[in-house]
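The values are calculated or read from the model by the stated rules, or taken from the named source; none is laboratory data. None of these values were measured; they are calculated from a predicted model. For neighbour counting, all protein chains shown are included, and Cβ atoms are generated from backbone atoms with ideal geometry for every residue, glycine included. For the accessible areas, the whole protein counts, side chains as well, though only heavy atoms, and no ligand, DNA or RNA atoms are used. Shrake-Rupley method; radii C 1.70, N 1.55, O 1.52, S 1.80 Å.
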Amino acid sequence: MSEAVAETVAARFTELYGTAPQGVWAAPGRVNLIGEHTDYNDGFVMPFALPHTAVAAVSRRDDGVLRLHSADVDSGVTELRPDELAPGSDKTWTAYPAGVVWALREAGHPVTGADVHLASTVPSGAGLSSSAALEVVVALALNDLFALGLRGWQLARLCQRAENVYVGAPVGIMDQTASACCEEGHALFLDTRDLSQKQIPFDLAAEGMRLLVVDTQVKHSHSEGEYGKRRAGCEKGAALLGVDALRDIAYDDLDAALERLGDEEEVRRLVRHVVTEDRRVERVVSLLESGDTRRIGPLLVEGHTSLRDDFRISCPELDLVVEASLSAGALGARMTGGGFGGSAIVLAEEADVDAITKAVTEAFAAAGFTAPRVFGAVPSAGARRLV
């Protein structure tokens, strides 16, 4: 990928700004294997990076001007001033890179401006963290160009702040950390409380398996109200139970905790999902480390059921992916990402991939849904400099 894409993005940068960029960087989207809506509850997650990336050609400016352009948006160069950036002032795509500049400056880092040209192959609205990839690639470029000396997890924190405060989307830390810190051939076991990380080998091809991503083509947006409602409900549950976050409710104590919540039925459902999902992450890690990869399949299905019934963030298209793929012989399947659309993942034997893809595609056609996009997901490298 890297050389050809870097050359294309650098050439377009030169056309736009009249001079070659000082560098080209890439940051990937991600698939979350297990651990959904646990990150803002201080829990466990297990994403891995996709080969799909946001690529940025960038040059530093020292005159207080920020110029932004995207190959994926039908508009010209947007010119902003870093010292005038303010949360909530921008409702377009430029809020993501501009928010990163704002967050860096708010943290005391002397970012005085930049020329930026972006191009991304991460599907937008598919639950694969296209926004996090956009944020992280800009943050990494500015970190290098301004010699800020920030590590991957620090950049992830600043990118999360950009999206939470500047963009106004109440996302957790998982997406940005995955984009910044994942390693090729591994899934990232991340404790979102202390950001401790463990790279878990995840080479399905060597074991005769594949992980498919099925993009339902149903778009979602984290800044819409339903995601925020779930987060507020989780915070209410933690407050009612007297803990800092739902991560602090032990799995063995779940029944007692639910009993204490009484008739708070919605909160009970949210708490049950988060506590059981954290447990599922730990079980998947244990199975992968012991070489029992195929046995994670039922845990993926359990996770989908919990997201559908307790968190209530699935949709007919996501449910159909899971049902059709399991009927066609998949080892496991679940929705991935924030919900209300986006993508599902399917764990399958290599020999069954074509049959599963056909079954899902035909099921969508029979239901009158837009044809899904199906592709294989290979654990790929995190954010890096290309040129």
Which residues make up the longest stretch of the chain that has no trypsin sites (Lys or Arg not before Pro) in a DSSP loop with at most 14 other Cβ atoms within 10 Å? 220-387
Whole-number percent relative contact order across the chain, with pairs defined as alpha carbons under 8 Å at least 6 apart: 23
For ALA187, what residues show an amide H to amide H distance below 5 Å, using hydrogens built from the backbone and excluding near sequence neighbours? ILE200, PHE202
Computed over the chain, protein heavy atoms only, probe 1.4 angstrom, the accessible area per residue in square angstrom equals 39
Output the direction-averaged projected area (hull surface divided by four) of the convex hull of the alpha-carbon atoms of the chain, in nm². 18.9
Long-range amide H partners of LEU33 with built H, under 5 Å: MET46, PHE48
Local charge sum around ALA119 (other residues, Cβ-Cβ under 11 Å, Lys/Arg +1, Asp/Glu -1)? 0
How many percent of the accessible area of the chain is carbon or sulfur, using a 1.4 Å probe? 47
Assign unit charges at the C-beta atoms only (+1 for Lys and Arg, -1 for Asp and Glu), then state the dipole size of the chain relative to its Cα centre in Debye, rounded to the nearest 20. 500
Could you quote the convex hull projected area for the range 52-151, Cα atoms only and averaged over all directions, in nm²? 6.3
Tell me which aspartates and glutamates have Cα within less than 12 Å of LYS219's Cα, excluding those fewer than 8 residues away on the same chain? GLU317
Rounded to a whole number, the Stokes-Einstein D of the range 147-236 in µm²/s (Kirkwood radius over Cα pairs; 10 °C; 1.306 mPa s) is 102
Would you give the gap between the C-alpha center of the range 187-248 and the C-alpha center of the range 310-353, rounded to a whole Å? 16
Taking only C-alpha positions in the range 227-326, Rg and Dmax in angstrom work out to 14.8, 42
Along the positive direction of the dipole of the range 1-113 (beta-carbon charges: Lys, Arg +1; Asp, Glu -1; about the Cα centre), which of VAL65, THR38, ALA95 reaches farthest? VAL65
Paired Rg and Dmax values of the range 280-325, which use every Cα atom, in angstrom: 12.1, 35
Go ahead and run the numbers for FRET between ASP255 and TRP153, Cβ-Cβ distance against an R0 of 25 Å, rounding to 0.05. 0.10
Residue among CYS159, GLN197, LEU142 farthest towards the positive dipole end of the range 135-230, charges placed on Cβ: CYS159
Dividing the convex hull volume of the Cα atoms of the range 310-355 by its residue count, what figure in Å³ per residue is obtained? 72
